[in-house]
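The values are calculated or read from the model by the stated rules, or taken from the named source; none is laboratory data. Being a predicted model, the structure only gives us computed values, none of them experimental. All Cβ positions, even for glycine, are placed from backbone atoms using ideal geometry, and neighbour counts span all protein chains on display.
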Amino acid sequence: MKDRVFIGIGSNVGDSEENCIRSIKEMLKDGRLRFQGVSSLYRTAPVSTIPQDDFVNCAIFVSWAGSPLSLLEFLMSIENRMGRVSDGRKDSPRVIDLDILLFGNLVLQEHSLTIPHAELHKRRFAMVPCLEIDPQIIHPGLRRPLAKFLGKIDDQQSVERIRKISMDEIGL
Ligand code: PH2
Ligand code: MG
Ligand code: MG
């Protein structure tokens, strides 16, 4: 079975635009993943209690021929390969962060993985790129259009579109 999956991509260390692009290229190398669409790149204010630089965020829409846990492992292997290190704090700055936001209509709460992403409907930087790809997304857990949650978010979560990602630069 192939599931329609939205993956959130974020970076705020190093060349963040380049890190996001590279992570997409790395994902596309795997035969289990099929590209369906990608959002623009956005510059976003950090949502964190730790002061840190702005992020670049985007989202990719794919189908995945495997389980959610196999996708999580795959994304973590790319994060590691790209040099992500943890300083032990939650929400510390990162070279790359690849999060499963939506996995078809699946609702899952396990120790290692929550789907949809627990913060998706609270974070403009996660919702705006997904809604650019598909404005009609329904949140399968909350059973409401994802777009409805955008209106509830405070203005401090600024999200500014930087530019489109061309098919060329991700090798398609
Ligand atoms: N990721 C976080 C915490 N805060 N803020 C922005 N703007 N973008 C992110 O990707 C982000 C964040 C935890 O993963
Ligand atoms: Mg994250
Ligand atoms: Mg993450």
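So here's what we get for this one:
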{"quantity": "Pairs where the first residue, in the stretch 29-44, is at pLDDT below 95 and of a type outside the set (D, E, K, R) and the second is surrounded by fewer than 16 Cβ atoms within 10 Å (Cβ to Cβ) and not in a strand (DSSP E or B), C-beta under 6 Å, 6+ apart", "calculated": "none"}
{"quantity": "Residue match in the stretch 129-142 (condition: within 16 Å of ligand 1 (Cβ to nearest atom) and of a type in the set (A, V, I, L, M, F, W, C))", "calculated": "yes"}
{"quantity": "Members of the stretch 76-117 that are within 14 Å of ligand 1 (Cβ to nearest atom), loosely packed, with under 12 Cβ neighbours inside 10 Å and not acidic (Asp, Glu)", "calculated": "Ser86, Arg89, Lys90"}
{"quantity": "From the options Leu75, Leu102, residue that is touching a strand residue (DSSP E or B) at 6+ places or on another chain (Cβ under 8 Å), at pLDDT 95 or above, closer than 22 Å to Val13 by Cα and within 16 Å of ligand 2 (Cβ to nearest atom)", "calculated": "Leu75"}
{"quantity": "Qualifying positions in the stretch 112-166 - farther than 22 Å from Leu72 by Cα, part of a loop (DSSP other than H, G, I, E, B) and in contact with a His (Cβ under 8 Å, 6 or more places away or on another chain)", "calculated": "Leu142, Leu146"}
{"quantity": "Some residue of the stretch 33-53 being among the acidic types (Asp, Glu) and either more than 16 Å from ligand 2 (Cβ to nearest atom) or part of a strand (DSSP E or B) (or both)", "calculated": "no"}
